[in-house]
1. Test each condition in (1) farther than 30 Å from residue 281 by Cβ; (2) assigned by TED's automatic domain parsing to the domain that holds residue 213 for residue 351 and report the one that comes out false.
2. Considering (1) under 30 Å from residue 249 (Cα atoms); (2) in a helix (DSSP H, G or I); (3) touching a residue at least 12 places away in the same chain (Cβ under 8 Å), say which one residue 340 fails and leave the rest.
3. Kindly list the number of the only condition in (1) modelled with pLDDT under 90; (2) more than 28 Å from residue 354 (Cα to Cα) that fails for residue 369.
4. For the list (1) touching a strand residue (DSSP E or B) at 6+ places or on another chain (Cβ under 6 Å); (2) modelled with pLDDT under 60, I need the number of the one condition that residue 155 fails.
5. Of all residues in region 295-317, count the ones that are over 17 Å from residue 327 (Cβ atoms) and in contact with a Phe, Trp or Tyr (Cβ under 6 Å, 6 or more places away or on another chain).
6. Does residue 69 count as at pLDDT 90 or above and loosely packed, with under 13 Cβ neighbours inside 10 Å?
7. Inspect all residues belonging to region 362-383 and state whether any of them is small (Gly, Ala, Ser) and loosely packed, with under 14 Cβ neighbours inside 10 Å.
8. Among (1) touching a helix residue (DSSP H, G or I) at 6+ places or on another chain (Cβ under 6 Å); (2) more than 18 Å from residue 166 (Cβ to Cβ); (3) hydrophobic (A, V, I, L, M, F, W, C), there is one condition residue 126 misses while meeting the rest; what is its number?
Amino acid sequence: MEKALLVSIQIKTDKHHWRIEDTSSELEELAISAGVEVVENIICICEKATANFLIGKGKVEEIGIVASEEAVDTIIFSHDLSGTQQRNLEDALGRKTIDRTQLILDIFSRRAKSPEGKMQVELALLQYLLPRLVGKGVMLSRLGGGVGTRGPGETKLEVDRRQVRKRIDKLKEDLKTFRLHRLTTHKKRKSNNLPLVALVGYTSAGKSTLLNRLTDAVQATSGKLFTTLDPLSKSLQLSNGQNIILSDTVGFLHDLPHHLIEAFKATLEEVSDADLLIHVLDVSDQRIHQHNQAVQSVLEELGLKDKPVLVALNKIDLVPDRSWLQVYKNEFTDAVILSAKTGENLEALIKRIQVYFSGLMLDLKIIIPHSRMELVDFFYRQAKVDKIDYLQKGVSISLRISRELFNKINKDKDIEVIS
């Protein structure tokens with residue numbers, strides 16, 4: 001197993017939303033999720049960033065001594081490094097040096113399973129590397145990538161950049177194809193008037209576990225960060241007979257690099273297209289307020305801060321002192337406290353979803369003419385049928401159905417509404 005030394009940095013001139021201890025703790029969680037052995041986590045508080053190493057030369061020497069003593073393979077910085085800073089640190093420390101963004105990208109590359117997910121990871125990675133190319137192919141060789149031969153009058157650096165830009169353009173075009181397919185799927189869902197509910201939240205908040213508990217999904221779950229990268233949607237019938245689509249999405253993270261959000265905007269369209277968001281928060285994590293703020297920031301960057309949101313305070317099974325739950329419930333207005341793992345209070349969440357969509361439902365008694373008998377099967381699939389009687393002039397049905405769906409199928413006004 002690769003041994004890593006972590007360097008958690010706080011620059012006093014930067015704006016800080018997190019305590020350095022929380023930044024350090026999350027960096028360690030990310031490293032473990034990437035499959036490395038963390039031998040030590042050094043905290044470094046600097047007055048200001050330096051152009052050559054980001055941190056002071058004395059601190060670099062201290063890190064070098066620890067790295068040698070612990071025989072580490074990789075040094076991971078919590079702060080983004082410029083290409084120059086990264087090269088200088090590698091020369092000074094004699095070890096592979098990466099930053100938090102590269103670490104996240106490495107985790108993403110391990111988690112992506114679908115062709116689209118893999119393309120999005122590669123796109124984000126190349127966009128990150130493009131301004132950091134050094135002309136020697138070092139950065140690209142780590143990824144197994146190659147570069148072409150130098151043309152007349154061109155430097156190797158120019159060739160590297162040209163090929164990377166060409167690959168970026170190709171990935172963007174290929175991802176457009178996936179987006180068109182997704183738009184077709186969305187159009188079909190809308191034609192069936194199925195509401196979309198998207199699960200959003202900080203990574204490892206328990207979204208996938210909640211999806212599995214509510215539906216027959218078998219989405220992979222674990223305590224590691226970013227277990228789920230590729231989205232998954234499953235149907236769910238509420239107790240009032242209404243069918244909805246429940247979608248799991250990639251977890252958010254604080255200070256998520258902008259180009260990562262850009263690369264994954266296609267996947268996050270599930271969130272954009274949702275009729276309701278369920279914001280899953282890990283109530284057992286003392287960083288709950290920071291996690292909440294991080295999710296709000298990403299939603300705002302996506303232009304979705306005004307979407308209707310239902311807060312689910314998850315993992316109450318891990319809270320030893322439950323008196324705190326009422327405090328959090330008061331802080332997060334109208335929140336539902338639950339445990340996706342044990343199923344405790346899950347019915348309360350389902351009821352809240354049902355209440356939200358209930359205004360969109362109709363309780364009707366109708367008569368279908370014999371010429372439209374195909375609607376009997378349709379109503380059994382798309383509505384909740386309470387009673388059905390076969391009459392001489394047609395079929396009498398008592399049912400609960402989406403207002404929008406009923407108006408759509410009755411556009412010719414040939415269905416008689418009794419009550």
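The values are calculated or read from the model by the stated rules, or taken from the named source; none is laboratory data. Because the structure is a prediction, the values reported are computed rather than measured. Note that each Cβ is placed from the backbone with ideal geometry, even for glycine, and that neighbours are counted across all protein chains shown.
1. Status for residue 351: all satisfied but (1).
2. (2)
3. With (1) modelled with pLDDT under 90; (2) more than 28 Å from residue 354 (Cα to Cα) applied to residue 369, the lone miss is (1).
4. Condition (1) is where residue 155 drops out.
5. Residues meeting the conditions: 2.
6. Against the criterion (at pLDDT 90 or above and loosely packed, with under 13 Cβ neighbours inside 10 Å), residue 69 qualifies.
7. Step one: of region 362-383, the residues small (Gly, Ala, Ser) are 371, 383.
If we keep only those that are loosely packed, with under 14 Cβ neighbours inside 10 Å as well, we get 371.
Yes: region 362-383 contains one or more residues that are small (Gly, Ala, Ser) and loosely packed, with under 14 Cβ neighbours inside 10 Å.
8. All conditions pass for residue 126, except number (2).
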